[in-house]
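Trainee: Can you read through this structure? Questions will come right after.
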Amino acid sequence: MTTATLHYIHDPLCGWCYAAQPLVSAAQAQLADRLALRLHGGGLFGEPRRIDAALAQHILHSDERIAQLSGQPFGEAYKQGLLADDGTVLYSLPPIAAVLAAGSLDAAKAYPMLVAIQDAHYRRGLRVVEPQVLAELAEETGLEGEPFAQALARADGHAVFEHVEASRRLLGEVGGQGFPTLLLDIDGRRALLPHHHYYGRPDAFVQMLAAQLPTLH
């Protein structure tokens, strides 16, 4: 039986992955019966990094470009709150661990958890490195608090480090240019997708993706 998988090499705190969110969400909504989704968190901020004025300015400049190209919104609580607070820490491993934890409880919840984390960060200005915030987001996606907390504790350590290392190996193997990288795999035949041409055009992205499925089946 022919199987098709969309591999999404991403980071929850990567602005360009937030730009790609509508593309992946549209693919999930329209092609879920023909295309599996696998998430690979790459660890953009592999160590905790406190925001300073220079980093905040760099991020805001990138976010302006992302908003122009993708139409994705950036909330005032994020721009004027989170990025303006020099106590804010960017650290990719806790939110990646949260996605792993959600997926370990219910595979169908992994991607909604990633979306919830991205939206909480970029729209609501929440501190998604904090376990309590991640637990609240998990409950918003329909997961129960205590099982999620236990799953997060299991994932937040050796498991998340192994996952990030594997994601980076995959990125290198396929010649990806960083985050996000989208890879279509059909029966082991892998092809990088030119997702950057489709920012702000999720339906066109789905059409491009769907057109490749029957020709390779």
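Trainee: Residues in the stretch 139-147: is at least one under 15 Å from LEU13 (Cα atoms), in a helix (DSSP H, G or I) and within 18 Å of the chain's Cα centre (by Cα)? Talk me through it step by step, then tell me what you get.
Mentor: From the stretch 139-147, those under 15 Å from LEU13 (Cα atoms) are none; that's our starting set.
Looking for residues that are under 15 Å from LEU13 (Cα atoms), in a helix (DSSP H, G or I) and within 18 Å of the chain's Cα centre (by Cα), one finds none in the stretch 139-147, hence no.
Trainee: Within the stretch 72-129, which residues are in contact with a Ser or Thr (Cβ under 9 Å, 6 or more places away or on another chain) and assigned to a helix (DSSP H, G or I)?
Mentor: The answer is GLY81, LEU82, ILE96, ALA102, LYS109, ALA110, TYR111, PRO112, MET113, VAL115, ALA116.
Trainee: Further question: Going residue by residue through the stretch 134-154, is there one that turns out to be touching a strand residue (DSSP E or B) at 6+ places or on another chain (Cβ under 9 Å) and aliphatic (A, V, I, L, M)? Don't jump to the end; show me each part of the working.
Mentor: The first filter runs over the stretch 134-154 and keeps only residues touching a strand residue (DSSP E or B) at 6+ places or on another chain (Cβ under 9 Å), leaving none.
There is no residue in the stretch 134-154 that is touching a strand residue (DSSP E or B) at 6+ places or on another chain (Cβ under 9 Å) and aliphatic (A, V, I, L, M).
Trainee: May I ask you to say which residue of ILE51, ILE117 is touching a residue at least 24 places away in the same chain (Cβ under 8 Å), under 16 Å from TRP16 (Cα atoms) and of a type in the set (A, V, I, L, M, F, W, C)?
Mentor: On the way: ILE51 fails: under 16 Å from TRP16 (Cα atoms).
Only one candidate passes the filter, namely ILE117.
Trainee: So how many residues does the stretch 128-165 have that are surrounded by 18 or more Cβ atoms within 10 Å (Cβ to Cβ) and not hydrophobic (A, V, I, L, M, F, W, C)?
Mentor: 3
Trainee: Okay, moving on. crowded, with 21+ Cβ neighbours inside 10 Å and over 15 Å from the mean Cα position of the chain (by Cα) - does that describe any residue in the stretch 47-56? Before you say what the answer is, go through the steps one by one.
Mentor: Step one: list which residues in the stretch 47-56 are crowded, with 21+ Cβ neighbours inside 10 Å, which gives none.
No; the residues of the stretch 47-56 include none that is crowded, with 21+ Cβ neighbours inside 10 Å and over 15 Å from the mean Cα position of the chain (by Cα).
Trainee: Give me a count of the residues in the stretch 1-44 that are part of a loop (DSSP other than H, G, I, E, B), more than 16 Å from PRO112 (Cα to Cα) and over 13 Å from the mean Cα position of the chain (by Cα).
Mentor: Of the stretch 1-44, the ones part of a loop (DSSP other than H, G, I, E, B) are 1-3, 11-14, 32-35, 42-44.
Checking which are more than 16 Å from PRO112 (Cα to Cα) leaves us with 1-3, 14, 33-35, 42-44.
In the following step, the residues that additionally are over 13 Å from the mean Cα position of the chain (by Cα) were identified as 1-3, 33-35.
Here the count works out to 6.
Trainee: Do you know which of the residues in the stretch 175-208 that are part of a helix (DSSP H, G or I) and at pLDDT below 95 is farthest from the chain's Cα centre (by Cα)?
Mentor: Kept after step one, since they are part of a helix (DSSP H, G or I), are these residues of the stretch 175-208: 195-198, 202-208.
Going one step further and asking which of them are at pLDDT below 95, we end up with 195-197.
On the way: HIS195: 14, HIS196: 15, HIS197: 18 Å.
Only one residue fits best here, namely HIS197.
Trainee: Which condition breaks for TYR122 when tested against (1) touching a Leu at 6+ places or on another chain (Cβ under 8 Å); (2) under 22 Å from ALA29 (Cβ atoms); (3) aromatic (Phe, Trp, Tyr)?
Mentor: Unmet condition: (1).
The values are calculated or read from the model by the stated rules, or taken from the named source; none is laboratory data. All values reported here derive from a predicted model rather than from experimental measurement. Cβ sites come from the backbone with ideal geometry, for glycine too, and all protein chains shown count toward neighbours.
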